[in-house]
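To keep things clear, I will list the structure first and then write my remarks on it.
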Amino acid sequence: MTLSPTLPQVQTRITVTGLTKVYPQPRAPLTALRDVTFAVREGEFCALIGPSGCGKTTLLHILAGLTTSTSGTVTLPERRPGQLPTAVVFQGISTLPWFTVQQNVEYGLRLMSVPRRARRERALQHIRQVGLLPFADAYPHQLSEGMRQRVSIARALATDPDILLMDEPFANLDEQNRLLLQDELLRIWQEHRKTVLFVTHSLDEAIRLADRVLVMSASPGHIKTEVVVPFDRPRDYRAIRQDPRYGTMSAYLWDVLREEVLRGRQV
Ligand SMILES: Nc1ncnc2c1ncn2[C@@H]1O[C@H](COP(=O)(O)OP(=O)(O)OP(=O)(O)O)[C@@H](O)[C@H]1O
Ligand SMILES: [Mg+2]
């Protein structure tokens, strides 16, 4: 298993250095992240795993500008006109129930003041890409959860972000739909080559999707280790699962994670 490989020199899209987040809480301040340092390269698909409560969502919120850090630095690409640096896909229902699929996908573009016609065209293009064109005028409650999750992905991609932040986007789905959406995400990612930071609790999902898996420690979270996933793309799920490296990698990740999960429980 390659733990510190030589990778081609490409631009870094996310650089996080010494990031610490302390939440003020009624009894005592809570340190959610302590000295988190890592980088993600342009076009890289990076998975982030770690015990529950270790600060993964907090980290994504800081990267998305939804909350501030207490100390440390985050360097993201400059905002370009008509484009957001990051877009977020959250777990579960993040569609707006009073908007149709198309209005949901247009929402980010409206915030960016994209003119109406261009907005419509871009939204429809992304709705088509996630296979929901026949449902463009449907409301979220008329869709299955997997379809709603596809709306969230289309909405995020429509804003053409440099970076896609995904927080357990498939956690609420059944196994079959999860496998299908993973395929879809990989297909879309291969086409757009966005830089992706993907939070998951599933080791299988991390190994299947990512170029590299970052493992966080128990709270307060920091990056404990990272593993490079050696499989070529496009990936054949069945083939990689039969590859002996898959088992080795999965066992290694679980060993590291298990230790942290147990440590987190003792707090
Ligand atoms: N807005 C907030 N105010 C105060 N404390 C918070 C806030 N958001 C999160 N926390 C605390 O920060 C810690 C990290 O939470 P966070 O949601 O980032 O973890 P997580 O790794 O995403 O967990 P999970 O895997 O369960 O989603 C937790 O102890 C949580 O209670
Ligand atoms: Mg979370």
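The values are calculated or read from the model by the stated rules, or taken from the named source; none is laboratory data. Since this is a predicted model, take the numbers as computed values, not measurements. For neighbour counting, all protein chains shown are included, and Cβ atoms are generated from backbone atoms with ideal geometry for every residue, glycine included. Calculation scope for accessible area: heavy atoms of the full protein, side chains included, ligands and nucleic acids excluded. Shrake-Rupley method; radii C 1.70, N 1.55, O 1.52, S 1.80 Å.
For this structure, a couple of remarks:
- Cross-link partners of Lys194 among aspartates and glutamates, defined as those whose alpha carbon lies under 19 angstrom from its own and excluding same-chain residues fewer than eight positions apart: Glu42, Glu44, Glu78, Asp160, Asp162, Asp167, Glu168, Asp183, Glu184, Glu205, Asp211, Asp232.
- Arg79 versus Leu179: modelled label distance in nm, points set 7 Å from Cα along the beta carbon direction: 4.2
- Rounded to the nearest 10 Å², the accessible area of Arg187 at probe 1.4 Å: 110
- Inter-label distance for Tyr139 and Leu66, nm, one decimal - labels placed 7 Å from Cα along Cα-to-Cβ: 2.4
- Cα shape, region 198-259, gyration tensor, a/c 1.5 rule: prolate
- Close amide H contacts of Gly72 (hydrogens built in the peptide plane, cut-off under 5 Å, sequence separation of 5 or more or a different chain): Thr20.
- Note on Ala171 and Val10: the extension gain reaches 54.8 nm, defined as 0.36 nm multiplied by sequence separation minus the Cα-Cα distance.
- Reported to the nearest whole Å, the Cα centre-to-centre distance from region 220-267 to region 128-147 is 33.
- Highest-MSF residue in the chain out of Leu197, Leu133, Leu63 [GNM, Cα springs under 10 Å]: Leu133
- Selection from His126, Ala64, Pro85 lying farthest towards where the dipole of region 57-161 points positive, charges on Cβ: His126
- Distance between modelled label sites at Thr31 and Arg235, nm, 7 Å Cα→Cβ extension: 3.4
- Phi-based couplings in Hz for region 207-222 (Karplus 6.51, -1.76, 1.60; Gly and Pro marked x): 5, 5, 8, 8, 7, 8, 10, 9, 10, 9, 7, 5, 4, x, x, 9
- Gaussian network model of the chain, Cα within-10 Å springs - most flexible of Leu203, Leu165, Leu111: Leu111
- Among Pro169, Pro24, Pro97: highest mean-square fluctuation, GNM of the chain, C-alpha pairs under 10 Å: Pro24
- Sparse-neighbour loop sites [trypsin sites (Lys or Arg not before Pro); region 17-60; at most 10 other C-beta within 10 Å; DSSP]: Arg27
- Of the accessible area of the chain, computed with a 1.4 Å probe over protein heavy atoms only, carbon and sulfur atoms account for 50 percent.
- For Ala32, distant residues with modelled amide H under 5 Å away: Lys21, Val22, Tyr23
- Note on Leu111/Val22: beta-carbon distance plugged into 1/(1 + (r/R0)^6) with R0 of 30 Å gives a FRET efficiency of 0.50.
- Restricting attention to the chain, close to 50% of DSSP beta bridges with both partner residues there are antiparallel.
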